[in-house]
1. What is the spin-label model distance, in nm, from residue 9 to residue 134 if the labels are put 7 Å beyond Cα along the C-beta direction?
2. Starting from the alpha-carbon convex hull of region 272-318, give the projected area averaged over all orientations, in nm².
3. Explain nothing, just the number: relative contact order of the chain, from Cα pairs under 8 Å at least 6 residues apart, as a whole percent.
4. Restricting everything to alpha-carbon atoms, can you work out Rg to Rh for region 95-228 with a Kirkwood hydrodynamic radius?
5. Would you mind calculating the gained length between residue 29 and residue 123 on full extension (0.36 nm times residue separation, minus the Cα-Cα distance), in nm to one decimal?
6. Looking only at region 1-22, which residues have a backbone nitrogen under 18 Å from a spot 7 Å from the Cα of residue 302 in the C-beta direction?
7. Return the whole-Å distance between the Cα centroid of region 266-318 and the Cα centroid of region 1-68.
8. Using every alpha carbon pair in the chain, what percent of pairs falls into each 20 Å bin from 0 up to the bin containing the largest distance?
Ligand code: SF4
Ligand code: MG
């Protein structure tokens, strides 16, 4: 695999507050990279900043992002417009409510194609619209339906069809199914992963629900207080998460496979950006905190070829 997106030492500020600290991550071609963490951990901010979708007052003071060899952070607005949607598309949680209520879904798909693929004839656009709806499992006679005539799950599928309309290289899914019931969530995510295999795009999948990431991603980066605290293949995280925060997150969601675990949750609340704890930002909540944890920040180091962990527990016995 070769990287589609390479993020190096990326930081993001909101005014004087640092929301993301020196994150380095790589998205391989065809891969699903999961970003996990409680709300406020910086996972959406990171993904949006890395793909130049960050809205002001968010700002990137330092770092580098390479997309297929281009320096993304150096692109002009005009170059970016060409890239958005056609190379990097996004499906977010409220997307299904972003459809225009007075325009049929077919016409909305047609608008995207007309704006970005001016060479297509009307007939070609209609055919492509039908093809896109079938891709996401919607009967093509629904092309003339208005959003209110579709269920929430169907509307979110339409948004996915629109995200895929221009065959992007990267699809960012930010809590894409959080508002939907569990069965519909799993259907949509399963379908998305199959489409990724047939169409060959890569996915950055952001959700607070780590059980979904374990099932649907290849690799997971777990964020806390704006930093990556553990990164490993999804199966490794599920089998044996090493960072106490990762273990806490896994204990907070029902397991999809294997024996039923008791749900524990993580005591305390995520850190406030305005007053980050000294040392390891997780130390006030960590059941395994030691003296050093409150004093010095552990760095994110490789513990083996496929895993990086930022925790003093990994350092003491080496
Ligand atoms: Fe817990 Fe210390 Fe590891 Fe932080 S560094 S997660 S406080 S053991
Ligand atoms: Mg978010």
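Values in this text are rule-based calculations from the coordinates and carry no lab data. This structure is a prediction, so every number in the text was calculated from the model and none was measured. We place every Cβ from the backbone using ideal geometry, glycine too, and count neighbours over all the protein chains shown.
1. 5.1
2. Working: hull surface 15.1 nm².
The orientation-averaged projected area of the Cα hull of region 272-318 comes to 3.8 nm².
3. On the way: 586 pairs, mean separation 64.0, N = 318.
With pairs under 8 Å counted, the relative contact order is 20 percent.
4. Details: Rg = 15.5 Å, Rh = 15.7 Å.
Looking at region 95-228, the ratio lands at 0.99.
5. Working: separation 94, 0.36 × 94 = 33.84 nm, distance 3.23 nm.
Gain on extension, residue 29 to residue 123, equals 30.6 nm.
6. Inside the label zone: 1-3, 6-9.
7. One Cα centre to the other: 20 Å.
8. Over the chain, the share of Cα pairs per 20 Å bin runs 31, 56, 13, 0 percent.
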